[in-house]
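What follows is a short report on a single structure.
The values are calculated or read from the model by the stated rules, or taken from the named source; none is laboratory data. Because the structure is predicted, anything quoted here is derived from the model rather than measured. Cβ atoms come from the backbone with ideal geometry, glycine included; neighbour counts cover every protein chain shown. The area values use the complete protein model at the heavy-atom level, side chains included, leaving out ligands, DNA and RNA. Shrake-Rupley method; radii C 1.70, N 1.55, O 1.52, S 1.80 Å.
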Amino acid sequence: MQPSGPRSRVVVGVDGSPSSYAALRWAAGYARLVDGVVEAIHAWETPSVVGWTGPAIDPEFDLQQGRERFAEELREVFAAGRPAYLEEHVVEGDPSEVLIRASEGAELLVVGGRGRGGFARAMLGSVSQRCAQHAACPVVVVRHDHDGHAR
């Protein structure tokens, strides 16, 4: 018998990397087991070029490009067919901040881990590390091995 309450939300960040694809597959499998919904989030920041006239930004172009890229990624990950319980969101902003906000009220936040070494992670920051430290729900970090499997 199915519970009558709201479905579990599983939020996952997708950035085009193999580890984010592994995270999306993992999140979809988990959501299927708990009869939840997957909120796949592609976060992007508007690149700007600063010249003598100030920053030059074309946010509409970037948004359309982001949507097209995200749709392509979803087709690649779910080549056999997109799950009915998958929602997609393209959001402008710093990826870690977008995912941390999206984690509010979620059962899980799932992110890919790229496996940078300690020095690089300390210098550059890491979306998965920031999410693990600041998310409002438990965080699962999925690493992708070179054989195409999640670990």
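Computed from the Cβ-Cβ distance with R0 of 22 Å, the FRET efficiency linking Tyr85 to His134 stands at 0.25.
Averaged over its residues, region 6-47 has an accessible area of 38 Å² per residue, based on protein heavy atoms and a 1.4 Å probe.
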